[in-house]
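The values are calculated or read from the model by the stated rules, or taken from the named source; none is laboratory data. Here the structure is a predicted model, which is why all the values come from computation and not from measurement. Every residue, glycine among them, receives a Cβ derived from its backbone with ideal geometry; neighbour counts consider all protein chains shown.
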Amino acid sequence: MATPRITLNPNLESCPDYASASFKPIRDLIVAESAQGTPLTDAEAAARLSDGWNTEHDAQKLLWDAQVLADTAQATATAVALAAQEELDRAAVQAAAEAERVEAEKKKPKLSTFDSTLLIPDFIVPRASNFAKKKLDDKEYVEMWYYTKEGCLDAESRRGGVEADESFGITQVGSTLSLKPLTAYQASKKVVRDEDLSWAQFSIAKTGFLAAIEAAGWQVEHRAALATFFYAIENHHSRMNHDDHADTILLIYAARARRLWHDMLALNQGFNIAIINEKLLDQLSTQFHNKLRNTGYRTVRVLFNTWIFF
């Protein structure tokens, strides 16, 4: 059983005056009980009371001293444990702050090293628009026009012509937020459909487009398929025939094939775009010539009716 705690310091207590009148009844009882043996005087009874109190008081002081020592040891142990925990907490906070700083440092844009002996190239390749770059970064379809000379010049004029009151939007690169002019990340109003490009525009655009998808991290098999596809279009045997519209028909085929290729990839049903489907090409050629004949017939009829009217 645990010893009850002492709530009052016994060192602050003093022995009562047992010789005083207040303790006379107690002394009388002690004297009366001693009459059967060796009789005690009143003073001896008072002395016995004092001796008993002092004996108990000395025992209480020893218990008090032991209690104080135990309390001091417990308080010291608690203080040491608290200090140790505070140190651990502080170290944990510092470690977390350092880890966050290191992570933030990793995410900060950094300039790569450079060769001090290397000069700027003799020719600077025109840059396509940020809109087109974003599309390719997201592995999405974008018109070839953006990689023609006209498309790159349009992008350059839009980058250099940002007005002070232009609207800006928030874009995120990694964990960094930045403001970008909205027009730089929107489709150009001057964009031309692939099938409406000239043959020269298509030939120029495909070179920039292939370089752009490599920079955007497209898979090697997809880049190889598109490179083979463009080569097959540019070197198709129909261009050697007497059909003056062979290039136009090939551009129509290229435009529709590339658009469908992206659509089917999105459905996980991709096909090999590098292989020209001659049957589809013949169908497109027939459709084009039929449309050309119908357009010519309507033009002649309108002119004929106009002559009759006049």
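A few comments on the model shown:
- Out of SER116, SER129, sole residue that is closer than 30 Å to SER203 by Cα and either surrounded by fewer than 10 Cβ atoms within 10 Å (Cβ to Cβ) or at pLDDT 90 or above (or both): SER129
- Residues that are in contact with a Ser or Thr (Cβ under 7 Å, 6 or more places away or on another chain) and among the aromatic types (Phe, Trp, Tyr), drawn from the stretch 132-157: TYR146
- Look at (1) over 43 Å from the mean Cα position of the chain (by Cα); (2) acidic (Asp, Glu); (3) part of a helix (DSSP H, G or I) and you find that ASP263 fails only one, number (1).
- Being in contact with a helix residue (DSSP H, G or I) (Cβ under 9 Å, 6 or more places away or on another chain) and of a type in the set (D, E, K, R) is a description that applies to ASP58.
- Selection over the stretch 128-142 of residues that are under 16 Å from ARG223 (Cα atoms), assigned to a loop (DSSP other than H, G, I, E, B) and in contact (Cβ under 8 Å) with a residue 24 or more places away in the chain gives a count of 3.
- Residue list for the stretch 202-229, filter: in contact with a Lys or Arg (Cβ under 8 Å, 6 or more places away or on another chain), in a helix (DSSP H, G or I) and closer than 19 Å to PRO126 by Cβ: ILE204, LEU210, ALA212, ILE213, GLU214
- Residue selected from the stretch 258-279 under the condition of a type in the set (Gly, Ala, Ser) and more than 22 Å from SER238 (Cα to Cα), by the criterion surrounded by the most Cβ atoms within 10 Å (Cβ to Cβ): GLY270
- Flag set for ALA32, criterion: free of Cβ contacts under 8 Å to residues at least 60 places away in the same chain, part of a helix (DSSP H, G or I) and farther than 30 Å from GLN67 by Cβ.
- The condition (being in the same structural domain as ILE252 (by TED's automatic domain parsing), of a type outside the set (D, E, K, R) and at pLDDT 85 or above) is satisfied by just one residue among GLY151, GLY208: GLY208.
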